[in-house]
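The values are calculated or read from the model by the stated rules, or taken from the named source; none is laboratory data. Model, not experiment: these values are computed from the prediction. Backbone-built Cβ (ideal geometry, glycine too); neighbour counts: all protein chains shown.
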Amino acid sequence: MTLTATDPAEIWSILEEVKDPEIPVLSIVDLGIAREVKYTDDGRLEIVISPTYSGCPAMYMLEEQIKAILIKHNLMDPVITTRLSPAWTTDWMTEQGRDKLRAYGIAPPEKTSHNKSVLFGGQKKIACPKCGSDNSEQISEFGSTACKALYRCLDCREPFDYFKCI
């Protein structure tokens, strides 16, 4: 593939190849980890990324994967910059990423990062990614990872992870 190093759309497309290690159907673009494509004052390609949380152990690996995929596409000597502020939020996830999560069997985060029903002893009603019913119950605040909660659909009876809003 021949690239013009100044075409941001092609660079964003290349970044789609870098997958999240915990949810391999999602790219760093889907998750909103890849924040910006730009050039430094000396003309080097710079990719700005934000971790899903500040202590994320996968960030070093993702940086190396980003560099490797860019070099594979003849974009040599890229600069990867980690930006902690503003902090990453699930609001940065793309609609395509949310759809991919649902198809993978994980309920995507809602568009809002707050849940007032818990103040009154209630639980979120999350739509089941398998059958679509919102007749669900939370089984555990934590699912397969800390960023997910474990739910069960009361209609199809299937358990599923819900990617919590952050």
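Values for this structure:
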item: Selection count where residues are of a type in the set (A, V, I, L, M, F, W, C) and outside any strand (DSSP E or B), scope region 130-166; result: 8
item: Verdict on Thr112 being in the same structural domain as Glu158 (by TED's automatic domain parsing), surrounded by fewer than 14 Cβ atoms within 10 Å (Cβ to Cβ) and at pLDDT below 95; result: yes
item: Qualifying position, being at pLDDT 95 or above and either among the β-branched types (Val, Ile, Thr) or under 18 Å from Pro159 (Cα atoms) (or both), among Ile126, Ile69; result: Ile69
item: Meets criteria (more than 11 Å from Ile80 (Cβ to Cβ), buried (at least 16 other Cβ atoms within 10 Å of the Cβ) and modelled with pLDDT of 95 or more) for Leu62; result: no
item: Residue in region 51-88 that is nearest to the chain's Cα centre (by Cα), counting only those that are touching a residue at least 40 places away in the same chain (Cβ under 8 Å) and not in a loop (DSSP other than H, G, I, E, B); result: Leu62
item: Boolean, Gly132 is modelled with pLDDT of 95 or more, over 21 Å from Ala34 (Cα atoms) and surrounded by fewer than 12 Cβ atoms within 10 Å (Cβ to Cβ); result: yes
item: Conditions (1) assigned to a helix (DSSP H, G or I); (2) surrounded by 14 or more Cβ atoms within 10 Å (Cβ to Cβ); number of the one not met by Val48; result: (1)
